[in-house]
Amino acid sequence: MAVPRNALKKWEKVREFALGMPGAAEEFPWGESVAKVNTKVFVFLGVDDGSHPLGVTVKLKDEETRAHALTCPGAEPAGYGLGKAGWVRVPLEEPGAPSAELLCDWVEESYRVIAPKRLIAELETR
């Protein structure tokens, strides 16, 4: 299955942004890309090979932000019980999917929920 070019460009921007966060590292548990900080996932990036629809999953603690994310086309609480903890999966291939900039804002919020205070302080100085 071919990945829509626009969705792939968004995915690449979000991935690059996530990996630019202080202390971020990419790992591939379950065969999917994730960005971690201090061994904890702050964004699930999935796969970009076309085997599954592109999307990102972020942890949004702010109720208003989470509610906004859930209004995006196809967005839903993350599976495996993660949705109860504020994780939201946002598809990138749907018409009307959020912009890369908004997705990066959500990645940063997710990072701030997961990262230790010293790395958040480093982020603040950038």
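Please determine whether any residue of the stretch 50-57 is open to solvent by 20 Å² or more (accessible area, probe 1.4 Å), within 15 Å of W106 (Cβ to Cβ) and either of a type outside the set (D, E) or at pLDDT 95 or above (or both).
Checked the stretch 50-57: no residue is open to solvent by 20 Å² or more (accessible area, probe 1.4 Å), within 15 Å of W106 (Cβ to Cβ) and either of a type outside the set (D, E) or at pLDDT 95 or above (or both).
Give me a count of the residues in the stretch 86-106 that are modelled with pLDDT under 95 and surrounded by fewer than 15 Cβ atoms within 10 Å (Cβ to Cβ).
Number of matching residues: 2.
Any idea how many residues of the stretch 13-37 are in contact (Cβ under 8 Å) with a residue 24 or more places away in the chain and open to solvent by 80 Å² or more (accessible area, probe 1.4 Å)?
Selection size over the stretch 13-37: 1.
Can you name the condition, by its number, that A115 falls short on among (1) free of Cβ contacts under 8 Å to residues at least 24 places away in the same chain; (2) crowded, with 16+ Cβ neighbours inside 10 Å; (3) over 13 Å from the mean Cα position of the chain (by Cα)?
In the conditions (1) free of Cβ contacts under 8 Å to residues at least 24 places away in the same chain; (2) crowded, with 16+ Cβ neighbours inside 10 Å; (3) over 13 Å from the mean Cα position of the chain (by Cα), A115 misses (1) alone.
What is the number of the single condition among (1) assigned to a loop (DSSP other than H, G, I, E, B); (2) hydrophobic (A, V, I, L, M, F, W, C); (3) surrounded by 13 or more Cβ atoms within 10 Å (Cβ to Cβ) that A2 does not meet?
(3)
Limited to the stretch 38-52, what total is found for residues that are touching a Ser or Thr at 6+ places or on another chain (Cβ under 9 Å), free of Cβ contacts under 8 Å to residues at least 60 places away in the same chain and not aromatic (F, W, Y)?
4
The values are calculated or read from the model by the stated rules, or taken from the named source; none is laboratory data. Values in this document were obtained by computation on a predicted structure and should not be read as measured data. Neighbour counts are summed over all protein chains in view; Cβ atoms, including those assigned to glycine, are modelled from backbone coordinates with ideal geometry. Each accessible area value is taken on the protein alone, full model and side chains, heavy atoms only, with ligands, DNA and RNA left out. Shrake-Rupley method; radii C 1.70, N 1.55, O 1.52, S 1.80 Å.
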